[in-house]
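Since the structure comes first, as structure tokens, the remarks are kept for the end.
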Amino acid sequence: MVQVPSLFMVRSDRSLDELCRVVRSYLEWNGISVATHANRPGNSDEGAILGLIERSDVFLVLQKGELGDAWSVRQFEHALSAGKRIVRVAVADDRQANDGVDVTLHSVEPSVSALRSLWSVIVSEPVAPDQEFADLKVSDADWHALVEGARSAAGIMGSSSSSPQPEGQSWSGGTLREWCDGIAEPVERSVARCAVLTALLRGMRRNQDGAGQPSDARPLWTFVRAAVDCSFRRAQVSSQGFYCVPLFSVVRQGQIEELLRLHIWPANGAAAEEETGGAFSVHSHQPHATSWVLTGGLHNRVHRVRQWPVATTRSQRLFAVSWDGRRSYSVAHRQSSLRDTGVPVSVVLDHEAMFTAGHSYTVPAGQFHETGRMDSSPVVTLFYFDARIGWFENAGVVGPTAAHVPVAKAKETVDVAPLLREIDLGD
């Protein structure tokens, strides 16, 4: 288990304020408590701030050149005298020397891999080189369940007992790739790839929950693209502006137990323009979810939604979602609709975080959030629901009080295989 320390951070000058914000957001999202105080405090506050340094495990310095003010120097000297571990981060271009520093960021907008390296230095845990796949141990019963879930997501009839199965219960990543590629029948090959993909993501999520370390699903890209390109190619157009491809599903009595989907925001704009201009973008999910970003970048905004005693001009409404006219979920539903519950609510932004390729984040059951891409580049994510971690029955959507809500929104289906062939993740 990785021991996650607490941290106090200073920067050399105000030009690094935005970098401070990005670094702090990344570290806090990955379990590290961060305190900072950039400006000179009043005399009554100085002792309290120096006390924060004493209670922190690590003192982090973001510097571009030398520490530029007496207050930053004072904090640095206090950390030294208190015996704190010092982590120095140089912000430099490729021509500048970085001797004596622990990490060098070559941009004030660092990549996720650079931030992962910084995280590794802070927790004193080496970042293992990205491996194509981890080893798996899967029983015969687990394999049949994985195949059934992959078939269900694609609407493929048939028994899992007739599907190819790897020999033995311990598989290496390279062996899995070769085994899947060797299946002659295209549909069964796609089913096997999605079954393997789900098993690998389950393992990654367990490791992530245990260590708090960001996980990188990009090595799974070839499995994803090959599976979708063969038979799992029909996507629904989500009202949130992306294409949605179900890859694995376990739905019992209308409730999601597990659901793995591929989300695609194409380069040429949103997959579908919402009729209400994004007025219903704040929503929650019944099951707990984990999202892995394969390419591009997203911002995820988390909101606090509270019921108001009466409707006002500032309040919004809570809407319930149904599928094909029922509250029970089906992967193959043809339309979804919103029902105004009449409950007035307030919506306040709690926090926002940005995630780029190689990073992942979670959405707890019932948490209200909205997700959008950072720029016009294509974005591809794997979104995995798991009700075993959390479930919130009354999840819903927030919308304006006087909005015109379509009675039902038909789900358009498209072939996304050509879109995926245009996206290159360096494989």
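A short reminder: the numbers here are calculations on the coordinates, not readings from a lab. This one's a predicted model, so the numbers in the text were calculated from it and none came from an experiment. Note: ideal-geometry Cβ built from the backbone for every residue, glycine included; neighbour counts use all protein chains shown.
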Next on the checklist: On a full-extension model of 0.36 nm per residue, what is the gain between Ala70 and Asn394, subtracting their alpha-carbon distance, rounded to one decimal in nm?
Outcome noted: 111.3 nm
Next on the checklist: Run the numbers for Asp142 and Ala35: contour at 0.36 nm per residue of separation, minus the present Cα-Cα distance, in nm.
Outcome noted: 34.0 nm
Checklist outcome for this item: Per the 1/(1 + (r/R0)^6) rule, R0 = 30 Å and r from the Cβ atoms of Asp340 and Ala267, FRET efficiency to 0.05 is 0.30
Checklist entry - How much FRET efficiency would the formula 1/(1 + (r/R0)^6) give for Asp415 and Asp375, where r is the Cβ-Cβ distance and R0 is 25 Å, rounded to 0.05? => result 0.50
Checklist outcome for this item: Expected unfolding gain across Ile183-Ser330 under the 0.36 nm per residue rule, minus the alpha-carbon gap, is 50.0 nm
